[in-house]
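The values are calculated or read from the model by the stated rules, or taken from the named source; none is laboratory data. Note that the coordinates shown come from a computational prediction; the quantities given were computed from them, not determined experimentally. Here the Cβ is made from the backbone with ideal geometry for all residues, glycine too, and neighbour counts use every protein chain on show. Side chains are part of the model used for accessible areas, which takes the heavy atoms of the whole protein and leaves out ligands, DNA and RNA. Shrake-Rupley method; radii C 1.70, N 1.55, O 1.52, S 1.80 Å.
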Amino acid sequence: MNYHLTNSIAIPLTLGVLIFVTGCSHAGNADQQPSQNQSQNQSGNSQLASPNSPLANSKSNQETTKNSASYTDKKRQATNIQCNNAVINQAYQAKNPSVKRQVLGCGTVIKVLKDDNEGSRHQKFLVKIDNYPNITVLIAHNIDLAPRIEGIETKNPIRFYGEYIYNDKGGVVHWTHRDPASRHQDGWLEYQGQQYH
């Protein structure tokens, strides 16, 4: 029998650990291998298969592969959900600057400001929050830790995931980047189909 390696599948585990499973496709007797794998699969042994493997179409492997593919850790979950500007509105209405909230919001860029170059450098712009026209937030995006959005312009939509802090001007959203020390929830900006983090 001759085996050769095919595609690798990364399986995320808890605590940010990844393992890689490499599928093998069988170059020997094609009739014999699928029946062996099907009997193993029917016995309840859940295996992962590469797309080229005879196991790729089995029900339990489709479920396992689906669960692995849809798994995201807490730091990446926000990219798979819709904007929730209601959370920003609740924090804004509470008017409490000591409360910090992780938010996923959408809005329109209304003004691009000059970079803040004191200390950590930040790209800054104002965003009017969708469905809440009375709320404008300042996005303070750390460009020492994340790429700058080149060519950002007013009247364009933007999505953001970061930490909201209320102020009397509407509030600030920062931590729109990865935390290299892994002590804070990662954030991001999404502008014209590209994500910055």
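Accessible surface calculations at 1.4 Å, restricted to protein heavy atoms, place the stretch 134-197 at 48 Å² per residue. Remark on residue 113: its backbone amide H falls under 5 Å from those of 124, 125, 126, a criterion applied only to residues 5 or more positions apart or on other chains, H modelled at 1.01 Å from N. Here each label is just a point 7 Å from Cα along the line to Cβ, and for residue 84 and residue 100 those points are 1.8 nm apart. The accessible-area ordering, largest first, of the residues 137, 99 stands as 99, 137, per a 1.4 angstrom probe.
List the trypsin sites (Lys or Arg not before Pro) within the stretch 127-197 that DSSP assigns to loop and that have no more than 16 neighbouring Cβ atoms inside 10 Å.
When the trypsin sites (Lys or Arg not before Pro) of the stretch 127-197 are filtered for loop state and at most 16 Cβ neighbours within 10 Å, 148, 155, 169, 183 remain.
Select from the stretch 119-180 those GluC sites (Glu not before Pro) which occupy a DSSP coil region and have at most 13 other Cβ atoms within 10 Å, ordered by residue number. Intermediate values should be presented prior to the final figure.
Numbers: sites: 150, 153, 163; in loops: 150, 153.
Passing both the DSSP loop test and the Cβ count: 150, 153.
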